[in-house]
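*Asks:* Below are the structure tokens for one structure; questions will follow.
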Amino acid sequence: MSQRVWMKRALMLVFVATVAACGRGGGNVTVDDSTSPQQIIELADAEVAKRRFRQAGDLFLEVERLYPYTVEAEYAVIQAAKAYQADKKRIESRSAAQRYIDYYPAGEYAALAHYLVALSYYDQIVDVGRDQENTFQALQALRIVLERFPDSEYATLAEPKFTTALNQLAGKEMDVGRYYLKHGQFAAAIGRFKAVVEEYGETPHRPEALHRLVEANLSLGLNAEAGRAVAMLIAEYPDSTWTAAAQRLIR
């Protein structure tokens, strides 16, 4: 078979596959500047109704491309971010939400945009044994929602996620601190445990962090520092098993 005949057949197969995809409704909807913003939004909404969220997001962004700085564009950009998030396209969702924040910082949907940025990071939080960059980014974005939009519905949604992200970061500090403690790197361990106590506030890791401070400080002969950690445990967690264990250590 000659190369020319082979290429013709290959092109024909591509054509047939494309037509078949369009026949199944999987092809992209084409819009241009003759399509009104409202018509594009209606097309995108129809894609959302069919749960074709990525296609919907792409269509919503066409409104902003063809009709920038309009009321419809502002609405469409945030709808694109929502659609991408529904399709778990987190980078695309974050990009659209950040675009809204950049162009409409005081817009009607600013709280939602910040929440979607946070959600794009939060949904990628991994266990404490791995890198926690997404957790850190989620925490910062959730903090913005809580501080700038405290009366919004998104602050209500953000609050438990903020607590979870904070606990996750404290858990990572504990994980690293335990490693240092196990390998006799007591000063490094103290730094991690002090961070949990002083920087992360009231988390489930705090009692253990205080106990580990007792353990690490005693290992370095810093009895006064160990005593202060025990005193904090007694005052804050009198009935905790960590308090009882720390008291045994100091005795």
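*Asks:* Would you tally the net charge around Lys89, using a Cβ to Cβ cut-off of less than 13 Å, leaving Lys89 out, and scoring K and R as +1, D and E as -1? Show your work: numbers first, answer last.
*Replies:* On the way: positive: Arg52, Arg54, Lys82, Lys88, Arg90, Arg94; negative: Asp58, Asp87, Glu92, Asp123.
Counting the neighbours of Lys89, the net charge comes to +2.
*Asks:* Once the Cβ-Cβ distance between Arg178 and Asp33 is put in as r, and R0 is 45 Å, what FRET efficiency do you end up with, to the nearest 0.05?
*Replies:* 0.15
*Asks:* So, one more: Taking 41 Å as R0, compute the FRET efficiency from the Cβ-Cβ separation of Glu153 and Ala188 and round it to 0.05. Please list the in-between numbers first.
*Replies:* On the way: r = 43 Å, r/R0 = 1.04.
Computed FRET efficiency for Glu153 and Ala188 comes out at 0.45.
*Asks:* Counting only Cα, what are the radius of gyration and maximum Cα-Cα distance Dmax of the stretch 80-184, in Å?
*Replies:* Rg, Dmax (Cα atoms, Å): 15.4, 54.
*Asks:* Given the Cα-Cα distance of Ile91 and Asn223 and 0.36 nm per residue of separation, how much length would full extension add, in nm?
*Replies:* Net length gain for the segment: 42.5 nm.
*Asks:* Using the crude model of +1 on Lys and Arg Cβ and -1 on Asp and Glu Cβ, and no other charge, please compute the dipole size for the chain relative to its Cα centre, in debye to 20.
*Replies:* 1280
*Asks:* Report the normalised scattering of the stretch 184-251 as log10 I(q)/I(0) at q = 0.23 Å⁻¹, calculated by the Debye formula with identical scatterers on the alpha carbons.
*Replies:* Normalising to I(0) and taking log10 leaves -0.92.
*Asks:* Sorting check: for 160-169, 215-224, which peptide has the highest mean count of neighbouring beta carbons within 10 Å, and how do the rest follow?
*Replies:* Order by mean packing, descending: 160-169, 215-224.
*Asks:* Among the complete DSSP H segments of the chain, which ones combine at least 15 Å of alpha-carbon extent along their axis with a mean Kyte-Doolittle hydropathy of 0.0 or more?
*Replies:* Flagged H segments are 3-23, 37-49, 71-86, 110-122, 186-199, 223-236.
*Asks:* Still on this structure: What is the extension gain from Ala46 to Leu249, computed as 0.36 nm multiplied by their sequence separation minus the C-alpha to C-alpha distance, in nm to one decimal? Before the final figure, lay out each step's value.
*Replies:* Details: separation 203, 0.36 × 203 = 73.08 nm, distance 6.62 nm.
Taking Ala46 through Leu249 to full extension adds about 66.5 nm, to one decimal.
*Asks:* In vacuo Debye scattering of the stretch 30-149, one point per C-alpha: log10 I(q)/I(0) at q = 0.16, 0.18, 0.21 Å⁻¹?
*Replies:* -0.72, -0.87, -1.08
*Asks:* Could you tell me what a quarter of the Cα convex hull surface of the chain works out to, in nm² with one decimal place?
*Replies:* Values: hull surface 88.2 nm².
Mean projected area of the Cα convex hull: 22.0 nm².
*Asks:* Counting each DSSP H run of 4 or more residues in the chain as -39500 (n - 2.57), what helix-only mean residue ellipticity at 222 nm follows after dividing by all residues, to the nearest 500 deg cm²/dmol?
*Replies:* So the calculated ellipticity at 222 nm is -25000 deg cm²/dmol.
*Asks:* Along the positive direction of the dipole of the chain (beta-carbon charges: Lys, Arg +1; Asp, Glu -1; about the Cα centre), which of Ile144, Ala235, His183 reaches farthest?
*Replies:* Ranked along the dipole, the leading option is His183.
*Asks:* Using only alpha-carbon positions, what ratio does the radius of gyration of the stretch 84-134 give when scaled by 2.2 N^0.38 Å?
*Replies:* 1.24
*Asks:* Positive end of the dipole of the stretch 45-99, charges at C-beta (+1 Lys, Arg; -1 Asp, Glu), about the Cα centre: which of Ser93, Ala76, Val63 has its Cα farthest in that direction?
*Replies:* Positive-most Cα among the choices belongs to Ser93.
Bear in mind these aren't lab numbers, they're just calculated from the coordinates by the rules spelled out. What you see is a predicted model, and the numbers here were worked out from it, not measured in a lab. FYI the Cβ positions are ideal-geometry reconstructions off the backbone, even for glycines, and counts take in every protein chain you see.
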